[in-house]
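The values are calculated or read from the model by the stated rules, or taken from the named source; none is laboratory data. Please read these numbers as outputs of a predicted model, since none were measured by experiment. Neighbour counts run over all protein chains shown; Cβ positions are idealised from the backbone, glycine included. All accessible areas refer to the heavy atoms of the entire protein, side chains included, with ligands and DNA or RNA removed. Shrake-Rupley method; radii C 1.70, N 1.55, O 1.52, S 1.80 Å.
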Amino acid sequence: METILISNINDFIFCPVSIYFHNLYYDLDKSTYQSTMQTQGTAVHQSIDKQQDSGDKRILYALDVYSEQYGLEGKIDSFKVETGELIERKKKIVTIYDGYIFQLFAEYYCMREMGYQVNKLALYSYDDNKKYPCDLPDQQPQMKAKFINTLNNMRDFVMDGFKQSNIAKCSRCIYEPACSFIDYDEQK
């Protein structure tokens, strides 16, 4: 089974082609293509990663995780060992997108498979200091099914012939100037 990076799940839902461009530009200086919001989000994650060296064993930060069952790998943001709360941080949450929830689900399954007792899930909005609880996957079977379907779609995706028909997504995409996958005919 092909391994999926947890961080790619939200990107795939936004636009599968964005993963291609992200990998294409990976070695370039990020300031040449990242938006201000993305640069700020990267800084938030870097501050979280630095906390892993704090010595506090009650909270795990930036732990590498893996799931053989789902073919996933990545890092968590933070896990409160005593309460079993897994938290995924975002720069600012205005809308809770499926991709955010699926990223948490992926981290949850990795942590469980690695032997951790995960009791709670939450999204955290850094800018406004708000926490949004999220039900565990088995408590929301429709979202769990959508999560598994998304993983299958990621593994089955073929870029040839793909056209992004949601121009609103394209207008918010940092790769739009270089992209030829926009279906302008759909917008008429």
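Descriptive notes on the structure:
- So residue 74, is it over 16 Å from residue 136 (Cα atoms) and small (Gly, Ala, Ser): yes
- Conditions (1) open to solvent by less than 10 Å² (accessible area, probe 1.4 Å); (2) of a type in the set (S, T, N, Q); (3) touching a Ser or Thr at 6+ places or on another chain (Cβ under 9 Å): number failed by residue 125: (3)
- Any hit, segment 100-111, residues being open to solvent by less than 70 Å² (accessible area, probe 1.4 Å) and either at pLDDT below 95 or in a loop (DSSP other than H, G, I, E, B) (or both): no
- Positions within segment 112-144 being in a helix (DSSP H, G or I) and either within 18 Å of residue 83 (Cβ to Cβ) or of a type outside the set (Lys, Arg) (or both), in sequence order: 112, 113, 137, 138, 139, 141, 142, 143
- Single condition residue 133 does not satisfy, out of (1) more than 18 Å from residue 75 (Cα to Cα); (2) open to solvent by less than 90 Å² (accessible area, probe 1.4 Å): (2)
- Of all residues making up segment 99-132, the number that are within 18 Å of residue 151 (Cα to Cα) and of a type in the set (Phe, Trp, Tyr): 5
- Taking the numbered list (1) hydrophobic (A, V, I, L, M, F, W, C); (2) open to solvent by 40 Å² or more (accessible area, probe 1.4 Å); (3) in a loop (DSSP other than H, G, I, E, B) in turn, residue 148 passes all entries but (3).
- Filtered by the rule that a residue be surrounded by fewer than 16 Cβ atoms within 10 Å (Cβ to Cβ), among the polar types (S, T, N, Q) and touching a strand residue (DSSP E or B) at 6+ places or on another chain (Cβ under 7 Å), segment 151-183 gives no residues.
- Of all residues in segment 147-165, those that are under 16 Å from residue 1 (Cα atoms) and among the basic types (Lys, Arg) have Cβ atoms under 6 Å from Cβ atoms of residues that are at pLDDT below 95 and open to solvent by 60 Å² or more (accessible area, probe 1.4 Å), 6 or more apart or on another chain, in 155/2.
- Taking the criterion of being under 19 Å from residue 127 (Cβ atoms) and either crowded, with 18+ Cβ neighbours inside 10 Å or modelled with pLDDT of 95 or more (or both), the residues of segment 69-91 that qualify are 77, 78, 87, 88, 89, 90.
- Just one of (1) in a loop (DSSP other than H, G, I, E, B); (2) at pLDDT below 95; (3) not acidic (Asp, Glu) fails for residue 96. It is (2).
- Matching residues in segment 65-84 - criterion: being assigned to a strand (DSSP E or B) and either within 18 Å of residue 8 (Cβ to Cβ) or of a type outside the set (A, V, I, L, M, F, W, C) (or both): 65, 66, 67, 72, 73, 74, 75, 78, 80
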